[in-house]
Amino acid sequence: MATVVSMPKLGFDMAEGTLVRWVKAVGDSVAKGEVLAEIETDKATVEVESLAAGTVRKHLVNEGTSVPVGTPIAVVGTADESIEGIDASAPAEPPARGGEGEPLEGPEQAASADVPAPAGPKGQVPGGVRASPLARRMAEQNALDLAGVTGTGPGGRVTRRDVMAAISDVARKPTRPAPAIPPGVTARVPVTRLRATIGRRMTAAKQQVPHFYLTADIDAAALASARSEANAFLPEAERLSVNDFVVRACALALRDFPPLNASLDGEEIVRHGDINIGSAVAVESGLLTVVVRQAQAKSLQEISQELRSMVARAREGKVRPEDIEGSTFTVSNLGMLDVDEFVAIINPPEAAILAVGALRDVPVVQGDQVVPGKRLKVTLSADHRVTDGAEAARWLQILRGYLEHPLRLFL
């Protein structure tokens, strides 16, 4: 039986998405879980996977078109079954460029597409470059001239993979320092879609959510020692970060004390059964939150490996829907940027977020002596509609117990 694939909902406030690129053309075979298309939301470009194995029978949405969440975008079925009636409400498609199965041009894409011209050396064209919308955006974000990129897509079209390969080539070559901006020069930088979304959501959060803040000064000597000892037995690519320990500790503290693993839904407080820890990641145009699901049931190494993979996908613009949706609590760590402490804005509809500073070598008092020590400051921002100071302080005490006795995090 044919399966209809719809525009997914990624996050509670997502209303629509833009279909950036069809990865699978009409007539292509597709396996269950294989990437079918790329969509762009307010947060990121996301790969949409097929819900079933079969053949792509029809595209219901054109590249470059924005549609509401839940709108059918494709039909996947067997090669010979009838799909009559399944896509009766789908938008009509204009004729394809160059034949069945090639990407279609929607109104937005056609208005901005370059006029094809005979290709020259290395995919250069005198009148412009044929490239996917995602490839154009990535090239613009990385200051890459598409005229110098070899296109491997149909008809020499430059794809995302071509741009990524070109960026890697540039990164390997020695470069001269960028010229300094002369003093007094004013520059105007357009607000990106992601930055605008962050601004809108954080403004709403600060205006509508009654925040309160608690800071704890953690003795991190045992944490630093345990991390150092564990990493001595791990390959460099698998070594644990301080953030891995914090995410694991937060998950276990939420398991032990569930009131903060919650959100407000109208007149009810929802205490979530799943503990899904979000971790804020800096990307080119703002921040994304990647999510470790069922974090309380995962080891430090499993958490570390998942985070490493998701962060890499986020920074390459290849996040998956499950990478960024469903968090119930968030960790924002600026310690690697040498920040001592800070307060973070709650990520609605979550009830709390933990801001993590740098692990510092500091003098500490033991008895009547001052000795070398290591400290880590964390600040909890909590929603006063869901919890209160006593509950939040209790949770911080539990978190402190895990971080100051880190061998418990390996169990």
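The values are calculated or read from the model by the stated rules, or taken from the named source; none is laboratory data. Owing to the predicted nature of the structure, the values given are computational and were not obtained by experimental measurement. Quick reminder, even Gly has a Cβ in these numbers, built from the backbone with ideal geometry, and neighbours come from all protein chains shown. In case anyone asks, the SASA skips ligands and DNA or RNA and just uses the protein heavy atoms, side chains included. Shrake-Rupley method; radii C 1.70, N 1.55, O 1.52, S 1.80 Å.
Numbers for the structure displayed
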item: Residue-wise HN-Hα coupling along segment 341-353, computed from phi with Karplus coefficients 6.51, -1.76, 1.60 (Hz; x: Gly, Pro); result: 7, 6, 10, 10, 8, 4, 9, x, x, 5, 8, 7, 8
item: Positive-end residue, segment 285-391 charge dipole about Cα centroid, Cβ charges, pick of Asn333, Gly367, Val319; result: Val319
item: 13 Å beta-carbon shell around Val365, net charge (K/R +1, D/E -1); result: -2
item: Distance between modelled label sites at Phe233 and Ala216, nm, 7 Å Cα→Cβ extension; result: 2.7 nm
item: Segment 199-258-segment 264-278 distance, computed between alpha-carbon centres (Å); result: 19 Å
item: Amide H contacts of Glu16 (H built 1.01 Å from N, under 5 Å, at least 5 apart or other chain); result: Val69
item: Spin-label pair Arg195/Glu268, simplified geometry with 7 Å Cα→Cβ offset, distance in nm; result: 4.1 nm
item: Dipole magnitude of segment 269-411, debye to nearest 20 (Cβ charges: Lys/Arg +1, Asp/Glu -1, about Cα centre); result: 240 debye
item: Accessible area, probe 1.4 Å, largest first, for residues Arg239, Arg201, Arg161; result: Arg161, Arg239, Arg201
item: Cα centre as origin, Lys/Arg/Asp/Glu Cβ charges: segment 187-303 dipole, Debye; result: 600 debye
item: Within segment 314-357: backbone nitrogen closer than 18 Å to the Glu284 label point (7 Å, Cα to C-beta); result: 314-320
item: Sequence of Phe212, Phe410, Phe233, Phe245 from largest to smallest accessible area, 1.4 Å probe; result: Phe233, Phe410, Phe212, Phe245
item: Relative contact order computed over segment 282-382 (Cα-Cα under 8 Å; 6+ residues apart), in percent; result: 21 percent
item: Solvent exposure of segment 1-79 as accessible area per residue, Å², 1.4 Å probe; result: 35 Å²
item: Virtual spin-label span in nm between Ala53 and Ala297, 7 Å along Cα→Cβ; result: 2.5 nm
item: Accessible area, probe 1.4 Å, largest first, for residues Val35, Val46; result: Val35, Val46
item: Cut-off under 5 Å, modelled amide H: who pairs with Gly326 long-range; result: Gly11
item: For Ala131, residues with placed amide H under 5 Å, excluding near neighbours; result: Asp114, Val158
item: Computed FRET value (nearest 0.05) for Asp80 with Asp145, which takes r as the C-beta separation and R₀ as 35 Å; result: 0.15
item: Average accessible area per residue (Å²) across segment 265-345 - probe 1.4 Å, nucleic acids and ligands excluded; result: 48 Å²
item: Carbon + sulfur, % of accessible area of segment 314-411 - ligands and nucleic acids excluded, 1.4 Å; result: 53 percent
item: Extension gain (nm, one decimal) between Ser29 and Arg255, 0.36 nm per residue minus Cα-Cα; result: 77.1 nm
item: Segment 196-300: relative contact order as a whole-number percent, Cα under 8 Å and 6+ apart; result: 20 percent
